[in-house]
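Heads up: the structure comes next, in structure tokens.
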């Protein structure tokens, strides 16, 4: 477990939910690009844990990134979000955040409605059909507009099989997060 400060540990259930873009204005506000169409996971926590962009070394003269941002305000703005934090007093400080990855604790996410699921909760679930045949494991989801599609990985390393199943009631019989299993009306041959 990584410790941030004396009393604020990195959450064991941290989920990457957004990326910080450019500054917004002069008073320390910054643009944030949430990964989900509905940014409620971003708004659900007043503590954002920060890591630098993946695969991009920070310039040597760049100030160190804070490990956590204590968000004072966040609001929707256009197709993204703008926010400000206690640790970001001005435009220069917000400029230093550019590209940082934003993580929040999964426990802070709003409760999903019945029959609604966060993608992060579906990834890794085993999928079987009504006959109990193994269809694979959810590795990703694809947003297609009207609905999402489960991307499954099955087979062996030598002979991998990829399946795509629309995540709609017509094909999905049940989702059991505790059992980590999805039952689908889907054949092995499609």
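The values are calculated or read from the model by the stated rules, or taken from the named source; none is laboratory data. This structure is a prediction, so every number in the text was calculated from the model and none was measured. Here Cβ is always computed from backbone atoms with ideal geometry, including for glycine, and neighbour counts include all displayed protein chains.
Please work out if residue 80 is on the phi > 0 side of the Ramachandran plot and modelled with pLDDT under 95. Steps first, answer last, please.
Details: on the phi > 0 side of the Ramachandran plot: no; modelled with pLDDT under 95: yes.
Judged against the criteria, residue 80 is not a match.
Looking at (1) surrounded by 13 or more Cβ atoms within 10 Å (Cβ to Cβ); (2) at pLDDT 90 or above; (3) touching a helix residue (DSSP H, G or I) at 6+ places or on another chain (Cβ under 8 Å), can you tell me which one residue 22 breaks?
Among (1) surrounded by 13 or more Cβ atoms within 10 Å (Cβ to Cβ); (2) at pLDDT 90 or above; (3) touching a helix residue (DSSP H, G or I) at 6+ places or on another chain (Cβ under 8 Å), the lone unmet condition for residue 22 is (1).
Any residue that is touching a helix residue (DSSP H, G or I) at 6+ places or on another chain (Cβ under 6 Å), under 15 Å from residue 15 (Cα atoms) and touching a residue at least 24 places away in the same chain (Cβ under 8 Å) - is there at least one of those in region 118-139? Don't jump to the end; show me each part of the working.
Step one: list which residues in region 118-139 are touching a helix residue (DSSP H, G or I) at 6+ places or on another chain (Cβ under 6 Å), which gives 138.
Filter once more, keeping what is under 15 Å from residue 15 (Cα atoms): none.
Scanning region 118-139, I find no residue that is touching a helix residue (DSSP H, G or I) at 6+ places or on another chain (Cβ under 6 Å), under 15 Å from residue 15 (Cα atoms) and touching a residue at least 24 places away in the same chain (Cβ under 8 Å), so the answer is no.
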